[in-house]
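The values are calculated or read from the model by the stated rules, or taken from the named source; none is laboratory data. All figures in this text were calculated on a predicted structure; none of them were measured in a lab. Here the Cβ positions follow ideal geometry from the backbone for every residue, glycine too, while neighbour counts run over all protein chains shown. Accessible surface is based on the protein model in full, side chains and every heavy atom, while ligands, DNA and RNA are left aside. Shrake-Rupley method; radii C 1.70, N 1.55, O 1.52, S 1.80 Å.
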Amino acid sequence: MTGLKQLEALVREDRVSPGERQRRVSMIAEHVFATSPYLNEPNFSRFHPDDLQLLYELYDETFFKGLLHRSLNPKQISFRLSKRMTSAGGKTTRWIYPQPNVLPKYEIAISTPLMFQSFNAPEENVVVTGLECDSRLDGLMRIMEHEIVHLIEMLVWLDSSCSLHRFQNIASRLFGHTDHRHELMTPSVLADQKYGIRTGSRVRFHFEGQRFEGIVNRVTKRATVLVAHPKGMRYSDGIHYLKFYMPLSALERVG
Ligand SMILES: [Zn+2]
């Protein structure tokens, strides 16, 4: 069987358990820290296209038995950091040439603005491919996993779309992804999408049997709500507020 046929069989059938996935992903991260001159801590402050290649090779060995290397000449694939990509975390592109003797070329690009705008506040975990990531490296690895699934689909089936079932099925079985979107979602963006709650929203909630109404002051995984109350602390606007740290699901928007 050719490398490509074996790769197709693997992505059609393989299912990696959460424990095994965790073990493999930790192994990749350890290897990256030991090898890369740039990625030397989970919240690295710079990185290089070579780091993307390193991750690609480690994923190939760890999840795909080196079959990517056997199916795709390393000369056909390149890696790039993009300063312009601001809506998607990553992008995989293929170029096909009309001459029959010229092989197609592939590129995986990763957005640097999105990587560095995220993971700056320790309490602000970022959701990538549906999974909560607690470091920049974690986020980068989820994006690389997503892009590698695109690459494999292009190699095996020529077309690739992450909005279709086949992609989502592979990404879920191998990497546990629960969302096929490319964005790096911060909890405040998710809160806005899911609950319509953002900084400045007026909300109502129950706390220890009492009903309160206040203004959202800050959103992370929970919302900080300020409620005007004589027993509260005096703020710079001269008003006394009680401060509540509430789960988003417990809040009801008012107005
Ligand atoms: Zn995609």
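Values computed for the structure shown
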item: Dipole of the chain, positive direction: furthest Cα of Val128, Gly255, Gln22, with charges on the beta-carbon; result: Gly255
item: Full-stretch length increase - Lys75, Glu252 - with 0.36 nm per residue and alpha-carbon distance subtracted; result: 58.2 nm
item: Inter-site label distance for His165 and Met27 at 7 Å from Cα along Cβ, in nm; result: 3.3 nm
item: Segment 3-185 - convex hull of the alpha-carbon atoms, volume per residue in Å³; result: 115 Å³
item: Shape call, segment 1-86: gyration tensor on alpha carbons, a/c limit 1.5; result: oblate
item: Heavy-atom surface of segment 1-152, accessible at 1.4 Å and reported per residue (Å²); result: 51 Å²
item: Cβ-based net charge around His206, under 14 Å, with every Lys or Arg adding one and every Asp or Glu removing one; result: -1
item: At R0 = 41 Å, FRET efficiency that the Cβ-Cβ distance of Ser236 and Glu132 yields, to 0.05; result: 0.75
item: Cβ-based net charge around Ile215, under 14 Å, with every Lys or Arg adding one and every Asp or Glu removing one; result: +3
item: Segment Leu158-Asn43, extension gain: residue separation times 0.36 nm, minus the distance between their alpha carbons; result: 37.9 nm
item: Under 5 Å, built H, 5+ apart or other chain: amide partners of Gly90; result: Ser111
item: Table column - 3J(HN,Hα) (Hz), segment 83-94, Karplus curve with 6.51, -1.76, 1.60, x for Gly and Pro; result: 8, 8, 6, 10, 9, 10, x, x, 7, 10, 10, 10
item: ³J(HN,Hα) computed for each position of segment 62-72 - Karplus, 6.51 cos²θ - 1.76 cosθ + 1.60, integer Hz, glycine/proline x; result: 7, 9, 10, 6, x, 6, 5, 4, 6, 9, 9
item: Pairwise FRET efficiency - Trp95 versus Met1, Cβ, R0 = 30 Å, nearest 0.05; result: 0.60
item: HN-Hα J in Hz across segment 46-60 - Karplus 6.51, -1.76, 1.60, θ = phi - 60°, x for Gly and Pro; result: 7, 8, 9, x, 4, 5, 5, 5, 4, 4, 4, 5, 5, 5, 4
item: Apportionment of accessible area to carbon and sulfur, segment 67-118, percent (1.4 Å); result: 54 percent
item: Solvent-accessible area per residue for segment 190-253 (1.4 angstrom probe, square angstrom); result: 66 Å²
item: Ranked packing of 211-219, 14-22, most packed first, by mean Cβ within 10 Å; result: 211-219, 14-22
item: Residue order for Tyr241, Tyr38 - accessible surface, 1.4 angstrom probe, largest first; result: Tyr38, Tyr241
item: Packing rank of 199-205, 69-75, where each peptide gets the mean count of other beta carbons within 10 Å, highest leading; result: 199-205, 69-75
